[in-house]
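The values are calculated or read from the model by the stated rules, or taken from the named source; none is laboratory data. Because the structure is predicted, anything quoted here is derived from the model rather than measured. Methodologically, a virtual Cβ is constructed for each residue, glycine included, from the backbone with ideal geometry; neighbour enumeration extends over all protein chains shown. For the accessible areas, the whole protein counts, side chains as well, though only heavy atoms, and no ligand, DNA or RNA atoms are used. Shrake-Rupley method; radii C 1.70, N 1.55, O 1.52, S 1.80 Å.
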Amino acid sequence: MKRLPGVSTFTNSVQLKFAVTFLVLIAGLMVMLNSYPTIVSRDLVFASKQTSLQNQAGVMSSALSTPDELTSDTVLEVMGLLDLRSLTRVVVTDENARILYDTAQLDPGVGRYALFSEISRALKGKIVCYSVYDGKAFMTSEAMPIRNGGLTVGAVYLYEYDAAQAELITNIQTNLRNITLILGIISIILMFIFSRALTLRITELARATKIVSEGNYEYRIKISGSDELSDLGSEFNNLTQRLKDTEELRRRFVSDASHELKTPLASIRLLSDSIVNSENMDIVTMREFVTDIGNEAERLQRTTEKLLSLSKMDSGIGFMREKIDLKHVAEKTLHLLSPLAKENRLTLSAELQRGCCIYGNEDLIYRIIFNLAENGIKYNMPGGQVKILLFREEKSVVLVVEDTGIGIPEEDVPHIFSRFYRVDKARSSDAGGSGLGLSIVYDAVMLHNGSICFEKRENGGSRFIVKFPAYLCSDEEKTV
Ligand code: ADP
């Protein structure tokens, strides 16, 4: 398979990192499982052996603690009464470390002097105990002084060599090693299968991202299971769908915009060509043509201005916010639109409540009111009316722009806020419209966290209702 650029190789893959981490963990666990029980059981054996030898040495020491002088015979007599079968060697010395009694099989040292450090320390009044495990046997020694009337008169030395317990521990160790080995192999196989399955899905996500980033917005990931990776996959598909929609919108917008700019430009070209090519054009016709060129240029200017403001709103930045009194903005709009209303023989009126303040951008608010009211005038009949209402409703400021005009057919209502959408293309063109006015209104309302809806007026005509969140002092901290 050809490796996609940006897709990781095995040496720097998540799978390798995952596998190494897992292996270190498994190895650590195996070492712990092998050593901990052995250490604990060895310590337990040490402790039990030391206690047992200490008790036995204690019994011997007190049995030998008689007022009579310690001799080989007296010691032999006392020792004959004790059960010494569990001990490998028992040595009893007098206060000078001379051996009085020794159970060693080979070369018992009776009569000689004991040179064990344990005995010399016991003769100094100390109780000494040593335990050693060499892997084959437990070797434990215990030395204790024999006291008589506060004086040390001799020492008892016990030694035990236990291979049986050591064998038991070795068996446990071997079993543990075998168990951890089997468990380790199973875990490594499982880890490999699991990490492979996991990284395959991650690789698929990375591959899909690359494909989509190259412009193939049709590509979708197949979702299986219901874990976090499946969620990520379905989020990826949603995102790709949104990208596709946005891309389609962008393409349509660019083609609509170029079409919108192309039409007046073609008219300008045609008109200017006609002037240039006709030799005997009379001054009246020429003036007519130049006026038309002027009108088309004006239309072009209006369209480009609208496109610019839409793209500025798309980016969502660069709009300063402040406290705005909508009444003032509505009055300004009324003042500006009055000549147009008069020209169309319409009544433009308003009912504006005081205290309708919002936190927003004055220029955008002006465009909202202006575009809605201008449409009310444009799509109306002589003698008709356009009315602007402004009032507070709980925590909202409500702006209503209604007219007695031609109205909007039911089937067109869902599209009126779309860019370049015009219900009656001929009428809109005549009125200098480009199908961008209501999109600007919609975007501007959204930028103010408001809402807009259209209603058919009872006696014909249209009604646009815009709601904005009313001004709160804390709004000052926000920016658009
Ligand atoms: P335009 O620049 O063409 O007026 P708009 O986006 O402002 O574009 O409006 C979109 C379309 O909706 C218009 O072409 C028009 O057909 C319709 N329209 C908008 N406002 C009204 C209204 N008040 N009365 C009737 N039709 C309207």
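Spin-label model, residue 308/residue 165: points 7 Å from Cα along the beta carbon direction are separated by 9.7 nm.
For the chain, the per residue solvent-accessible surface stands at 59 Å², with DNA, RNA and ligands left out and a 1.4 Å probe. Separation of the range 182-200 from the range 34-53 is 37 Å, based on Cα centroids.
For the pair residue 220 and residue 465, the difference between a 0.36 nm per residue extended length and the Cα-Cα distance amounts to 84.2 nm. Taking label positions 7 Å along the Cα-Cβ direction at both residue 249 and residue 65, the computed distance is 9.9 nm, reported to one decimal.
According to the Cα-based calculation, Rg over Rh for the chain is 1.53, with Rh computed by the Kirkwood formula. For residue 136, neighbours were defined as the other residues whose beta-carbon sits under 15 Å from its Cβ, and their charges (Lys and Arg +1, Asp and Glu -1) total -3. Eigenvalues of the alpha-carbon gyration tensor of the range 1-214, scaled by 5 and square-rooted, set the equivalent ellipsoid semi-axes at 68, 15, 12 angstrom, largest first.
Centre-to-centre separation between the Cα atoms of the range 245-281 and those of the range 406-426: 23 Å.
Ratio of Rg to Rh for the range 229-311: 1.37 [Cα atoms; Kirkwood radius as inverse mean 1/r over pairs].
Counting only GluC sites (Glu not before Pro) that sit in a DSSP loop (anything but H, G, I, E, B) with at most 14 other Cβ atoms within 10 Å, what is the longest stretch of the chain containing none of them?
Numbers: sites that count: 69, 214, 218, 279, 394, 458.
Free of exposed loop sites, the longest segment is 70-213.
Among the helices of the chain (complete DSSP H runs), which have Cα atoms covering no less than 24 Å along the helix axis and a Kyte-Doolittle mean of at least 0.5?
Working: long enough: 14-64 (74 Å, 0.87); 163-213 (72 Å, 0.96); 228-277 (71 Å, -0.56); 283-315 (48 Å, -0.42); 326-343 (26 Å, -0.08).
Long hydrophobic helices here: 14-64, 163-213.
Any of 312/467; 49/126; 323/378 with alpha carbons more than 25 Å apart? Name them for me.
On the way: 312/467 22 Å; 49/126 19 Å; 323/378 31 Å.
Checking Cα-Cα distances, 323/378 exceed 25 Å.
Solvent-accessible area assigned to carbon and sulfur over the chain amounts to 58 percent, based on a 1.4 Å probe. When the scattering of the range 32-154 is computed by the Debye formula from its Cα atoms alone, each counted once and equally, what is log10 I(q)/I(0) at q = 0.13, 0.20, 0.23 Å⁻¹? For the range 32-154 at q = 0.13, 0.20, 0.23 Å⁻¹, log10 I(q)/I(0) is -0.55, -1.14, -1.46.
For residue 82 and residue 270 in the same chain, what is the full-extension length gain: residue separation times 0.36 nm, less their Cα-Cα distance, in nm?
Values: separation 188, 0.36 × 188 = 67.68 nm, distance 13.43 nm.
That works out to 54.3 nm of additional length.
What is the local net charge at residue 123, summed over the other residues whose Cβ is closer than 13 Å to its Cβ (Lys, Arg +1; Asp, Glu -1)? Each step should come with its number before you reach the end.
Values: positive: 98, 121, 124, 126, 147; negative: 94, 95, 118.
Computed value for this residue: +2.
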